[in-house]
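This report concerns only the one structure given below.
The values are calculated or read from the model by the stated rules, or taken from the named source; none is laboratory data. Just so it is clear, the model here is predicted, and its values are computed rather than measured. Please note: Cβ atoms are built from the backbone with ideal geometry, for glycine as well, and neighbour counts cover all protein chains shown. All accessible areas refer to the heavy atoms of the entire protein, side chains included, with ligands and DNA or RNA removed. Shrake-Rupley method; radii C 1.70, N 1.55, O 1.52, S 1.80 Å.
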Amino acid sequence: MPEEWPIAAWAADQNAPARPAGRGRLATVRADFFLDPAKRLTEQERALMTAMLHCLVGDIADELRAELPKGWAAANDDGNAALVAGLSSAGLLNEAALIALLLRRADEERIATAARARTGRREARSLQGLVSHEHGGVAAAAMALILARGRRRDRFGQCLIALEDLPSATGEALVHVVAAALRSELAAAHGAAAADAELSAAASRLAERIDRERSIDRLGAALVRLLDEAGALSDDLLLAAAHEGEVGFVAEVLARRSAIPSQSAFAELLSGEPSRVMAMFRIAGLSREASAGLLGGVGDLLGLRDPAEAIGVFDRMTDDQTGEARARLTTAPSYRAALEALEDHGQRTV
C-alpha cells in the first residue's frame, strides 16, 4: 500500500469555537466562495504549510530569546503558537516570498512522496549515491546537500524550512517582525525602552548570521554545477532523480542547461501547461527519449495528465517557438509576472 504523506500538526480543521454568524464574515466568505477550486490548497498542503510556518517562526523566536540577556526570557512552545496567531492576524506573515517558499516545499513533498510510493523506496538513492562519486567536489557537495536536508526534518520526518532558505531581504524582515512580536512579553517585565533596545540588537545580530550559501537551493545548485563541470550531468541521472520525485534537483538541472534562474525553471516545470513544460525541455536540450521518460515517470505528478499529448507538443514545437520561450524566460521575473497578470485579465501583451 502506498504510504500517505504525513498530516502536519495544527491542521486547518482542528477543534475551534463556533464561528460568528452574520455579515461580519461576508467579505471573507465571498472571496473564499468564488476561489477557483483547482487552485485552492488541499487540506494536506494547508496543514504542511502551516506546520512549516509555525516551526520557522518558533525557531526564530527561540534564537532571539537566546540572544537576550540571561534570565530575560525562556523558550516556550505555547508562546510561539501565540506569536504565529498574532502575526497572522496582523497580516505580517503574508509575504509573497515566504508563502511561495512554503508552497514550493509542499509541492516538492507531495511529488517526492507519491513518486517514492510508486517505486517502493522510502529514500531517494540517486542523490545519495553521489556521496561516493569519484570526483571529490561532487561527493562533498552531495554530502552537504543531504545533511542540510536532514536538518530540515523534525523527529517525525516532517518537512521544515530554515531561515537561510528565504531570500535575504525576506529573512531579515521576518527576524525583525518576530522580534516586534516578542516586545509585549518583555516590556511588561523589563520596561519598554529596555525591551526595544535588546530586541533590536538581538534581531540585528541574528539577521547578520543568515548565510544564504547554506540554503537548500544554493547547495543544490552547487551540486549541479560540479556535476556539469565533471561531465557527470547525464540524462540517466536526471531520469533517475525524476522517477524518485527529486523535482528540485530536476529544476536545477534544467536551469543549469538553459542558463536561467532555478526559480523560473521550477515554475515552468510545475506550470501544468504542456507548451511551457515542453518548451523548458527544448530549451534545456533534452532529447525526445529523455523527455518521454520523464513524462512517463512523473508527468502526472507535474500536472500533465496526458503524456502522449505533451510529447506531441514537444514534437511539433519549432525553433522559433523555442526561441520565443527562451527570450521570455530570460526576462526579469517581475516582468513575466506582469505579463501573466495582464493576460489573465484579458489584456493583450503582444
With R₀ set to 22 angstrom, the calculated FRET efficiency between the beta-carbons of Thr318 and Glu273, to the nearest 0.05, is 0.80
Other residues with Cβ under 14 Å from the Cβ of Arg316 give, with Lys and Arg +1 and Asp and Glu -1, a net charge of -2
Calculating Rg and Dmax of the Cα atoms in Å from this structure picks out, from [x] 22.5, 70; [y] 20.6, 74; [z] 24.7, 82, entry [x]
Quick note, region 226-278: a/c under 1.5 would make it rounded; otherwise a/b > b/c is prolate and the rest oblate (a ≥ b ≥ c, C-alpha gyration tensor); here it is oblate
The longest stretch of the chain containing none of the GluC sites (Glu not before Pro) that sit in a DSSP loop with at most 14 other Cβ atoms within 10 Å is 135-350
In Å², rounded to a whole number, the accessible area per residue of the chain with probe 1.4 Å is 54
With a 1.4 angstrom probe the carbon and sulfur portion of accessible area for the chain, in percent, totals 53
